[in-house]
Amino acid sequence: MDQKNFIVAIVLSVLIIVGWQHFFQPTKPPVPPPQTTSQSATPGTPQVPAGQSTAPGAPGAPAAEAAPPQILSRKEALVGSPRVTFDTPELIGSIALKGGRIDDVRLVKYRETIDPKSDPVPVLSPVGGERPYYAEFGWSTSDPAIKLPGPDTLWTADSPTLAPGKPVRLTWDNGQGLIFALEIAIDDYFMFDVKQSVENKSDKPVTLFPWSLVVRYGLPKAEGIYILHEGPYGVFNGSLKEFGYSDFKDNKQQKFQTTGGWLGITDKYWMTTLVPEQQSQVTASIKQTGTQTDPKYQIDYTSPGMTIAPGATSTSISRLFAGAKIVRVIDEYEKKYGIEKFDLTIDWGWFWFFTKPLFWLLEWLYAQIGNFGLAILALTVLVKAVFFPLANKSYAAMSKMKALQPEMEKLKARYGEDRQRMNQEMMQLYRREKVNPAAGCLPIVVQIPVFFALYKVLYTTIEMRHQPFFGWIKDLSAPDPLTILTGFGLLHWDVPPFLHFFNIGIWPLIMGVTMYLQQKLNPAPADPVQARVFQFLPILFTFMMGSFAAGLVIYWAWSNTLSIAQQYTIMRRHGAPIGKKAKPAVAVLPATPAPADGGGGGGGKKGGKGTSKKG
């Protein structure tokens, strides 16, 4: 692989992708000021004034209540209400009968740390504890005389426990002839089905608007990396919309009228998502309430109003996903319930057509091998094998360019400073000898989407979390723990944040060495400044990768090692000089097309610098 072309291509690709997302990405519509009409999801969809539902005058879901001044432990907060408990293969937790909230959800198979005795990861947490996070279901009405269940309502349960196949029914009588019920079911994974029903025993019809909401207290700690979305998002009328928490600063909000879809709040590995009936038009809302120092983020939707005649019962169905973003589980839910674009709850990125197949291949390899780290190595070998014919073609073109080096020297000596004539003669030489100077770039251009797709797979999917490799790597999703400033594990102290950039581990060092060795296979650029820059790149990349997940660094180091072997083999086969045997690239004129392999790997030296890309 040509080191120069590779690095230039990667840097340019990153700049293009970041620049495009920054200036042209349409997924974040402008946030309107409070108390104004907000944007609808798609052109042509009617706009909905703030505070209205799908019918004029229909109120939406209530805002989050203020948090208690005293923060309790989770255990103390849970005893503040009688509860219905559940314990499934994937989830443990409880439902508060006070308020009818699903506010205690923890993941059985995912722990806070790699210690199997550490606490289960909490997805939802009760009010009163640290950072409450809960789901709630209720009704609104434009008739203030109707008593509705609220956050202090004490529901009655027909069973003390909830289990897959055994739903629990919560009921409350408002004393005015209306019997409210929440029938909650849970499956073997992370989906709650909630049936909201109202039985009208009064002598007059009533109109109610069912709503569902999720409230999260406080600004959560996020990864803060651009390639991963964390925060509110949803699919509205078939279009994915992603928002940052800062989009709702100063209590701003967004409202959408949508048919089907979903809306939620996502972290890197977990999410809480509301799913309305896919054939129903609902009014969805995303907003912030509270103060700047104590914000509360809320997603909700209000279903169309239902008029309940005397003696009749009306029911509305909604779903709540609260759990881990496991790919196969997400895909199964999408098919089972017909949830539009539910797979986009996982951030597959721009190159999803590469990312998803790579993920499935990686998961299959893991199932065969039994070690996620070895599966990464095997996947890298397969990717390299697929692109080997392209690399071989690239270095064959490079060898042809090297064969033309004496002729290129003669043209330079003959035409000297006559750049235009020099360029014309060079192009004629390429055509006569049937040499494509740009052939060395083709493998790099094709591999860039695959590189980013594989990076996305390893970074965003939960399957690598807490997976061990060998030796000191106990968690492939965390940085290498044996670092320079801790004496590679001999010193135990908290490294200050301002030193984290310099606190690199063993695997980043190995990656840097492989990058240096790969660079040594290529001739030094003719320009001394450029040569020094390229010598510095392995050091820069070593420090940059120091804080990356160990799985990514191992992948990169292994990929470099395979590239070294591949490049060495192909160059030997075609007789190209290697390392010190390769002469520095000769500067040619700016308008000259780039020679094969851009002056790297000992081939195409004459055009390595003075190409149409570089003057």
_With every protein chain kept in place and ligands, DNA and RNA left out, what is the accessible area per residue of segment 130-227? Probe 1.4 Å, answer in Å²._
45 Å²
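Could you calculate the FRET efficiency of N174 with V79 from 1/(1 + (r/R0)^6), where r is the beta carbon distance between them and R0 is 35 Å, rounded to 0.05?
It comes out at approximately 0.80.
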*asked:* Between T161 and E409, what is 0.36 nm times their sequence separation minus the Cα-Cα distance? Round to one decimal in nm.
replied: 80.8 nm
*Which percent of the accessible area of segment 311-393 is formed by carbon and sulfur heavy atoms (probe 1.4 angstrom)?*
65 percent
*asked:* As a test of understanding, state the convex hull volume per residue of segment 94-219 from its alpha carbons, in Å³.
replied: 129 Å³
_With the cut-off at 1.5 for a/c, could you classify segment 176-269 from its C-alpha gyration tensor as rounded, prolate or oblate?_
prolate
*Ranked highest first by the average count of other Cβ atoms within 10 Å around their residues, in what order do 348-360, 532-544, 503-515, 481-493 fall?*
503-515, 348-360, 532-544, 481-493
_Long pairs among K241/K356; K341/K474; K221/K241; K268/K296; K109/K456; K201/K287, criterion Cα-Cα beyond 25 Å_ = K341/K474; K201/K287
*Sum of side-chain charges, S159 neighbourhood, beta-carbon under 13 Å (Lys, Arg +1; Asp, Glu -1)*: +1
_Burial ranking of peptide ranges 374-384, 116-126, 255-265 (average Cβ count within 10 Å, highest at the top)_ = 255-265, 374-384, 116-126
*Which percent of the accessible area of segment 69-161 is formed by carbon and sulfur heavy atoms (probe 1.4 angstrom)?*
54 percent
*Counting pairs of alpha carbon atoms under 8 Å apart in space and at least six apart in sequence, what relative contact order in percent does segment 173-320 give?*
32 percent
*For segment 295-439, just say rounded, prolate or oblate: build the C-alpha gyration tensor, square-root its eigenvalues into a ≥ b ≥ c, call rounded for a/c under 1.5, and beyond that prolate if a/b exceeds b/c, oblate if not.*
prolate
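Among rounded, prolate and oblate, which fits segment 234-326 when a ≥ b ≥ c are the square roots of the eigenvalues of its C-alpha gyration tensor, a/c under 1.5 means rounded, and a/b larger than b/c means prolate?
Because a/c hits 1.5 or more and a/b exceeds b/c, segment 234-326 counts as prolate.
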*Once amide H atoms are placed 1.01 Å from N in the peptide plane, what residues at a sequence separation of 5 or more from Q281, or on another chain, have their amide H within under 5 Å of its amide H?*
none
_Neighbour cut-off at most 16 other Cβ (10 Å), DSSP loop, trypsin sites (Lys or Arg not before Pro), segment 174-217_ = K201
*Tell me the label-point distance for the pair Q535, Q278, using the 7 Å Cα-to-Cβ offset, in nm and rounded to one decimal.*
6.1 nm
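What is the local net charge at G100, summed over the other residues whose Cβ is closer than 12 Å to its Cβ (Lys, Arg +1; Asp, Glu -1)?
0
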_Pair D418, L517: separation of 7 Å Cα→Cβ label points (nm)_ = 4.9 nm
*May I ask you to compute the full-extension gain from D203 to T141, defined as 0.36 nm times their residue separation minus their alpha-carbon distance, rounded to one decimal in nm?*
20.6 nm
*Can you give the FRET efficiency for F498 and Y568, using 1/(1 + (r/R0)^6), R0 = 45 Å, r = Cβ-Cβ distance, to the nearest 0.05?*
0.65
*How much length, in nm to one decimal, is gained on full extension between L485 and Y337, taken as 0.36 nm per residue of separation minus their Cα-Cα distance?*
48.2 nm
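The values are calculated or read from the model by the stated rules, or taken from the named source; none is laboratory data. Source: prediction; values computed, not measured. Note that each Cβ is placed from the backbone with ideal geometry, even for glycine, and that neighbours are counted across all protein chains shown. Each accessible area value is taken on the protein alone, full model and side chains, heavy atoms only, with ligands, DNA and RNA left out. Shrake-Rupley method; radii C 1.70, N 1.55, O 1.52, S 1.80 Å.
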